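So the structure is just underneath, and the comments pick up after that.
The values are calculated or read from the model by the stated rules, or taken from the named source; none is laboratory data. As the structure is a prediction and not an experimental result, all values here were calculated from the model. A quick note on method: Cβ atoms are made from the backbone with ideal geometry, for glycine too, and the neighbour counts reach across all protein chains shown. In case anyone asks, the SASA skips ligands and DNA or RNA and just uses the protein heavy atoms, side chains included. Shrake-Rupley method; radii C 1.70, N 1.55, O 1.52, S 1.80 Å.
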Amino acid sequence: DEYITITEHQGKMTMIPSLSTSKKLNANCQRMSCSDNPDCICKYCYADKTMAMYPRLVDSLENNTKILMRELTFAEVREIAQYFANIAIARFESFGDLNNETQLLNYIRIARAARHTKFALFTKQYSIVKKYFESGKRFPDNVTLVLSSPYIDHVLAEPLVATFKQYHRRVITFTVTRDHENPGINCGQRRCVQCRNCYDARQPKNVIEYIK
């Protein structure tokens, strides 16, 4: 069916809805999941656990993928944005990642239409975002680009981050650590809606979470 599903989360992400696609239909997600590197974070994928608990979510995410990989109509963008009208913060991608530049453009169009909502876009698909910026397109100020590290205890290098900061001021990195005593941990057991490090203007350069 041609309709978008927005996920209402429980637990840590309570009160933060997300618009996501399926990792099962994302070639990069599948490649990373099969990596032989023991530090590959995709081997500990949150999406796998959640989809196993909620089988109906699988169909919804796959349907979202098929819709978001094509250009949304103006009416579709307006309808999705209307959902976020009274939402303070929301997330793009909790279960998958960007598949192509069209999907990214759809997210940005939604964010522009829902300008009072603060969005965080989590991605490991740096090349898609880089190509988008290099074509002259820009993000609105209500979107934070969260560059997720593909490897545990590996904070992304500053030169890579700087590549994106030259185009958009709200860019942070997200890293998972095995070291529960890591002094840099600033994403713990708190609820995201109370923390907001990934959403608000006063953001740390790096968000670090202890592995679950």
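Yes or no: the range 132-141 includes at least one residue that is among the aromatic types (Phe, Trp, Tyr), assigned to a helix (DSSP H, G or I) and open to solvent by less than 60 Å² (accessible area, probe 1.4 Å). Yes, the range 132-141 contains at least one residue that is among the aromatic types (Phe, Trp, Tyr), assigned to a helix (DSSP H, G or I) and open to solvent by less than 60 Å² (accessible area, probe 1.4 Å).
Considered as a group, the residues in the range 1-40 that are of a type in the set (Ser, Thr, Tyr) and in contact with a Ser or Thr (Cβ under 8 Å, 6 or more places away or on another chain) include one that is farthest from Ile152 (Cα to Cα), and that residue is Thr5. Restricting attention to the range 5-38, the residues that are open to solvent by less than 40 Å² (accessible area, probe 1.4 Å), touching a residue at least 40 places away in the same chain (Cβ under 8 Å) and either touching a Leu at 6+ places or on another chain (Cβ under 7 Å) or outside any loop (DSSP other than H, G, I, E, B) (or both) add up to 12. Under the condition of being open to solvent by 50 Å² or more (accessible area, probe 1.4 Å) and without any contact (Cβ under 8 Å) to a residue 24 or more places away in the chain, which residue from the range 170-189 is nearest to Ala111 (Cα to Cα)? If we take residues in the range 170-189 being open to solvent by 50 Å² or more (accessible area, probe 1.4 Å) and without any contact (Cβ under 8 Å) to a residue 24 or more places away in the chain, then Pro183 is nearest to Ala111 (Cα to Cα).
Is it fair to say Val193 is in contact (Cβ under 8 Å) with a residue 12 or more places away in the chain, surrounded by fewer than 17 Cβ atoms within 10 Å (Cβ to Cβ) and within 16 Å of the chain's Cα centre (by Cα)? Criteria met by Val193. Criterion first (crowded, with 16+ Cβ neighbours inside 10 Å and either out of contact with any Gly (no Cβ under 8 Å at 6 or more places or on another chain) or without any contact (Cβ under 8 Å) to a residue 60 or more places away in the chain (or both)) does Ala85 satisfy it? For Ala85, the condition - crowded, with 16+ Cβ neighbours inside 10 Å and either out of contact with any Gly (no Cβ under 8 Å at 6 or more places or on another chain) or without any contact (Cβ under 8 Å) to a residue 60 or more places away in the chain (or both) - is not met. Taken over the range 143-168, the residue count meeting the criterion of being within 19 Å of Lys118 (Cβ to Cβ) and either without any contact (Cβ under 8 Å) to a residue 12 or more places away in the chain or open to solvent by less than 20 Å² (accessible area, probe 1.4 Å) (or both) is 9. Considering the conditions (1) within 23 Å of Thr175 (Cα to Cα); (2) basic (Lys, Arg); (3) in a helix (DSSP H, G or I), Arg91 is excluded by exactly one of them, (3). Selection of the range 97-142 for residues being in contact (Cβ under 8 Å) with a residue 12 or more places away in the chain and among the acidic types (Asp, Glu) yields Asp97, Glu101, Asp141. Here Arg91 passes the criteria (1) charged (D, E, K, R); (2) touching a strand residue (DSSP E or B) at 6+ places or on another chain (Cβ under 9 Å); (3) over 24 Å from Cys29 (Cα atoms) except the one numbered (3). Taking the listed residues Asn106, Asn63, the one that is within 17 Å of the chain's Cα centre (by Cα) and either outside any helix (DSSP H, G or I) or crowded, with 16+ Cβ neighbours inside 10 Å (or both) is Asn106, with no other qualifying.
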